[in-house]
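Reading through the structure tokens given below for one structure.
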Amino acid sequence: MELILDTADTSAIAHFNEYLTIDGVTTNPSIITKSKKEFETVIKEILEILDDKQSLYVQVIATTCDEMVEEAKYIDSLRNDNIYAKIPVTSEGLKAIKACKKIGIKVLATAIYSANQGFLAALSGADCLAPYVNRMDNLGDGVQCVLDLIQMLKANNMDTRVIAASFKNTRQVHELITGGIQSVTVPTDVLANMMSHPMTDIAVSDFTNDWKTAFNRTTLVK
Ligand code: E4P
């Protein structure tokens with residue numbers, strides 16, 4: 001399974017990249033604006049952290065097909081490989097996804113709020129799909145919707161990758177990993193909660209204290 005960071009916070013990307021195996025970074029317009037940096041600056045900084053195998057996903061802003069395709073071409077030009085244009089699954093977006101497929105631009109179909117929408121984006125040629133788990137949870141059952149989408153793709157022998165997105169808690173991530181999700185893109189607060197447990201810190205502290213009491217040092221070898 002792929003673990004992707006859903007942030008444009010370059011300090012956080014560098015931090016998690018040091019401690020975990022990170023497969024890429026997803027951004028969207030709101031995430032970019034939160035960085036308070038110019039678009040080109042933040043993308044350049046993220047690319048300085050990522051290695052060639054780690055993917056970057058950048059979203060178009062335009063809302064008409066032709067303009068979305070132009071922006072997707074620009075996004076595609078930002079890097080030699082492993083860059084995806086994120087295109088929202090509106091009607092114009094579906095048309096743009098078809099057009100991008102024809103000219104070989106890699107696409108992550110995004111802002112997916114139903115399994116049917118995701119499935120249609122896959123039929124249009126999207127390389128991957130980003131269903132919005134928490135946002136769908138607010139309207140019904142986001143996790144189930146993603147599981148349905150996975151099943152629809154499987155039933156049709158389609159290898160379109162599902163990158164579950166829009167997580168607000170570790171339970172949502174856990175349920176999708178259990179359900180066989182291929183990729184998750186998680187915000188840094190959710191990932192931090194997945195990584196640590198206060199009881200682990202207490203256990204380690206107890207081990208250290210016992211060792212120190214017995215041997216008056218806190219390392220294995222003298
Ligand atoms: C990622 O690709 C999405 O843009 C993102 O996960 C949306 O998350 P949000 O619902 O927290 O805005």
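The values are calculated or read from the model by the stated rules, or taken from the named source; none is laboratory data. Fair warning: this is a prediction, and the values are worked out from it, not measured in the lab. Virtual Cβ from ideal backbone geometry, glycine too; neighbours counted across all protein chains shown.
Picking from Lys86, Lys53, which residue would you name as being surrounded by fewer than 20 Cβ atoms within 10 Å (Cβ to Cβ) and either of a type in the set (Gly, Ala, Ser) or modelled with pLDDT of 95 or more (or both)?
The conditions single out Lys53.
Within region 138-168, which residues are within 18 Å of Met1 (Cβ to Cβ), outside any helix (DSSP H, G or I) and within 17 Å of the chain's Cα centre (by Cα)?
If the condition is that a residue be within 18 Å of Met1 (Cβ to Cβ), outside any helix (DSSP H, G or I) and within 17 Å of the chain's Cα centre (by Cα), then Thr160, Arg161, Val162, Ile163, Ala164, Ala165, Ser166, Phe167 are the ones that fit.
Among the candidates Ala85, Ala12, Ala109, Ala8, single out the residue that is part of a loop (DSSP other than H, G, I, E, B) and hydrophobic (A, V, I, L, M, F, W, C).
Result of the check over Ala85, Ala12, Ala109, Ala8: Ala8.
Please work out which one of (1) under 26 Å from Phe16 (Cβ atoms); (2) crowded, with 20+ Cβ neighbours inside 10 Å; (3) within 16 Å of the ligand (Cβ to nearest atom); (4) free of Cβ contacts under 8 Å to residues at least 40 places away in the same chain is the condition Ile150 fails and give its number.
Failing condition for Ile150: (3).
Taking Ile105 as meeting all but one of (1) more than 15 Å from the ligand (Cβ to nearest atom); (2) surrounded by fewer than 18 Cβ atoms within 10 Å (Cβ to Cβ), write down the number of the exception.
(2)
So Arg135 ticks every box in (1) within 14 Å of the ligand (Cβ to nearest atom); (2) in a helix (DSSP H, G or I); (3) closer than 17 Å to Lys95 by Cα but one. Which box is left unticked?
So Arg135 meets the others, but not (3).
Say we look at region 116-131 and pick out the residues that are over 19 Å from Met1 (Cβ atoms) and surrounded by fewer than 22 Cβ atoms within 10 Å (Cβ to Cβ); which of these is nearest to the ligand (Cβ to nearest atom)?
Gln117
Among Ala122, Ala99, which is assigned to a helix (DSSP H, G or I), of a type in the set (A, V, I, L, M, F, W, C) and within 25 Å of Gly142 (Cβ to Cβ)?
Details: Ala99 fails: within 25 Å of Gly142 (Cβ to Cβ).
Among Ala122, Ala99, only Ala122 is assigned to a helix (DSSP H, G or I), of a type in the set (A, V, I, L, M, F, W, C) and within 25 Å of Gly142 (Cβ to Cβ).
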